[in-house]
1. Select from TRP483, PHE35, MET147 the residue farthest towards the positive end of the dipole of the chain; place +1 on Cβ of Lys and Arg, -1 on Cβ of Asp and Glu, and compute about the Cα centre.
2. Quick one, could you list the DSSP H helices from the chain stretching 24 Å or more along their long axis (Cα atoms) with average Kyte-Doolittle hydropathy of 1.0 or above?
3. Output wanted: per-residue J couplings in Hz (rounded whole) for the range 43-53, from phi through Karplus 6.51 cos²θ - 1.76 cosθ + 1.60, θ = phi - 60°, x for Gly and Pro.
4. Find which of PHE223, LEU494, ALA646 sits farthest along the positive direction of the dipole of the chain, computed with +1 on the beta-carbon of Lys and Arg, -1 on that of Asp and Glu, about the Cα centre.
5. Round to the nearest 10 and report in Å² the accessible area of HIS158, as given by a 1.4 Å probe over the protein chains' heavy atoms.
6. Which value, in Å², gives the accessible area per residue of the chain when a 1.4 Å probe is used on the protein heavy atoms?
7. Would you list THR553, THR260 from the most to the least accessible area, probe 1.4 Å?
8. Using a simple charge model, +1 on the beta-carbon of Lys and Arg, -1 on the beta-carbon of Asp and Glu, nothing else, what dipole does the chain show about its Cα centre, in debye to the nearest 20?
Amino acid sequence: MVQSKKQKSPMVILVQLGSPASPGLKDVRKFLKEFLGDPRVVDINPFLWKIILNLFVLPFRPAKSARLYRRIWNEEKQEFPLIRYTEDFAQKVGEQLKDQGILVRHAYLLAEPRFAAIWDEYEKDPGAVSEFIIVPLFPQFSESTTMSVIDIWNKELHQRAISPSYRFLNCFHTSKAFIDNSVLRINASLAQLTKEKGKLDALVISFHGIPKRRVLYKGDFYFDHCFETFQLLKERIEGIDSDRIHMTFQSRFGSEEWLTPYTENYCQNLVAEGHSKMAVYCPAFVADCLETIDEIGTELKEDIESLGGEVYPIPCLNDDDRWAQDFATFLQAEVNGTNLEREQLAYEFRPDQYDKKPEIVMQSPPLSAPAKKSLKLIFLTLFLDLVGFSIIFPLFPELAKHYLEVDADNYWLRMIFDGIGNWASVTGGDLTGIVLFGGALGALYSFLQFLAAPIWGGLSDRIGRRPILLMSVGCLALSYLLWFFSGSFTLLILARFIGGIMGGNISAATAVVADVTTKENRSKGMAFVGIAFAMGFIFGPALGGIFSMIDLTKLYPSLVSYGVNPFSMPALVAFILSVVNFINLYRSFDETLPAEKRGLHKSDRSVNPIVLFKPLPYAGVNLTNFGHFLFLMAFSGMEFTLTFLAFERLGYRAMDNAYMFIFIGLIIALVQGGHVRRKAHQVGEKKMVLQGLACIIPGLILIAYAQVTWVLYAGLFFLAVGSAMAIPCLTSLVSLYTPSQYQGRSVGIFRSLGALARVLGPVLASIIYWKYGSQYPYLIGSFFLFLPILMLSRLPKPALK
């Protein structure tokens, strides 16, 4: 007797995003790390985003998100609403399709069960399934949702040896099942609310937002689908006039422009216009979740109530019986129906029958591809310049001691220390001059940068950016090569002299940013400069400390005769990085200043201190510039004497000093990325600057009396937090106080004064340290900071531009 073959069935997989396993901090952090780590969700440079995600987002956001998730957590059932609604909905749809021979399963992208569980079930009985139909439960198509489902499915597919055919149902935003049931839900809610609360002033249809860039430049269909859904709903909604139905977007993340109008701002404006009672429905979701229950039902509701308005959230379709039945009918047609049957279960959207689709306009256009290319190269150039500037920081004490031992008769070394000794005999100073030597060596680099910056900037205006960058980077490599062979102190001085002069190429590099950006997106370009500085100050000292542990003179003693010294390895690393940078610039950097535009720009920087301190006719700019100058004098003095204090009191070696600078850099990065970026505008730049300067004072006092490591690091923490708050906000204030057409002049003077402060600060702090003792630069600096605090407290409120 021949057995009949087992009937194969198609399997529909309903896919949702998922929720954390619990509202606990650990589970929420794990959820966010996976969610925000998806390149479809955040589609910026993966390397850069990993740094931002791990340094700026994950240390801060999970705690806030956990509090929000806790508000919607069902403690009794130990589950989130999204999970319960999805499972119940999938069960109901499955019951409707069971008699049609269609299997139904559910899966999540970020919760259990995942696609792997579906595959495991299939592999146990591959003869049971004829086809997979994957249905993302996101009505409107978007790269960040639908394409993420496709990516994750394909990733799982690549790990499997067998597979039936499969296909995706990418959207259902015009399906009658979705539209009609949404209309029923809205109409019933409006009728009930009108009965209980009186006539409503507005109905807000709020979709989840995405960056405008994705629609305009990547071709994402999402905005089109949202508009079609909105028009189809608006046409059928009863109980409120159509001109009182509004389309908005919610859940903005990050600083770039998202689809507008933003739900929160729009609702606030409705209240201001007298439309205080509003209902809100969210058709980007078929199941209530954090974005609907908390963002709309709690946060928006509380915000509007504080303004005297009222918000009434309308629940999503969730596991409604009719919705499940109609969606099952829709799925049956998609699986087994004809094209005609499928067409009959969806509304045809004809643009000529509906309102005109709003135009998406970018207030700050994204950078062009050539601009991005140039900025990446400039980022690398500035980063390596700052690495070269700061790589020597942790080496200062041992570097000075080394040359006093091996090159004590050097003319330049003797001139410095004999001068220090003569001064000591006159002034009564009795401390070692090593710290003054270190401060002078550090200030030399800054002073030469200060002198050279306007020269390089002017030359680049006349002959172009490319030749200046190539020449300066090439000569920087030469300076590191000289340092590598600097067995004598003379070669070290020459190396730092060349490095300082060539380090002034920051003017040409900054000019490239101005060349390739527009007025509207220049701040985005300048952000690359700020990030390069921060990264350089983190990695420079770290590389200096790490590679100082490799003493080439011990590994290869014969190299000593060539001038190789115990500090040659950091120099070699800096040399290699500069050579790579030079080759990269030579091969890839295209000139950004056309010949016809050369010689037309007048530099805003000057090496004349009298010109720098000449008042500018813009309220607030002068106080900001001079306050920044005084603050940076104190802060840079700390930077250059810190390694000597740690060496003297705690016996720190180069690697110990590197750890200090890494700690400072990481705290600065965390505070700027996690607090300043989000709160500066809310708190106010002036207030945040004053808070930052006040925070630095206890840090300086703690360091002044630090005799153990934990006290030193406590002081460093306050210093890093304070500077992270003060520096970016001072830069913002200069821009806010200056008319747009004079930005270059004000910012140029601001930077020049900063460079001058980095010259004077180390020298003055080193003199005080040398003559009076290690604690006095920090105590005097803490009192000195009251000057910029008093000065900046008088700043006026910036005018709106």
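The values are calculated or read from the model by the stated rules, or taken from the named source; none is laboratory data. Every value quoted in this text rests on a predicted model; they were computed, and no experiment measured them. Glycine also receives a Cβ, built like all others from the backbone with ideal geometry; neighbour counts cover every protein chain displayed. In case anyone asks, the SASA skips ligands and DNA or RNA and just uses the protein heavy atoms, side chains included. Shrake-Rupley method; radii C 1.70, N 1.55, O 1.52, S 1.80 Å.
1. My answer, from the dipole projection, is TRP483.
2. 369-390, 434-463, 465-484, 522-548, 568-588, 654-671, 685-704, 709-737
3. Working through the residues one at a time gives 9, 9, 3, x, 5, 5, 5, 4, 5, 4, 4 Hz.
4. Going by the charge dipole, the pick is LEU494.
5. Rounded to the nearest 10, the figure is 150 Å².
6. Ligands and nucleic acids excluded, the result is 45 Å² per residue.
7. Of THR553, THR260, the descending order of accessible area is THR260, THR553.
8. So the magnitude is around 2180 debye.
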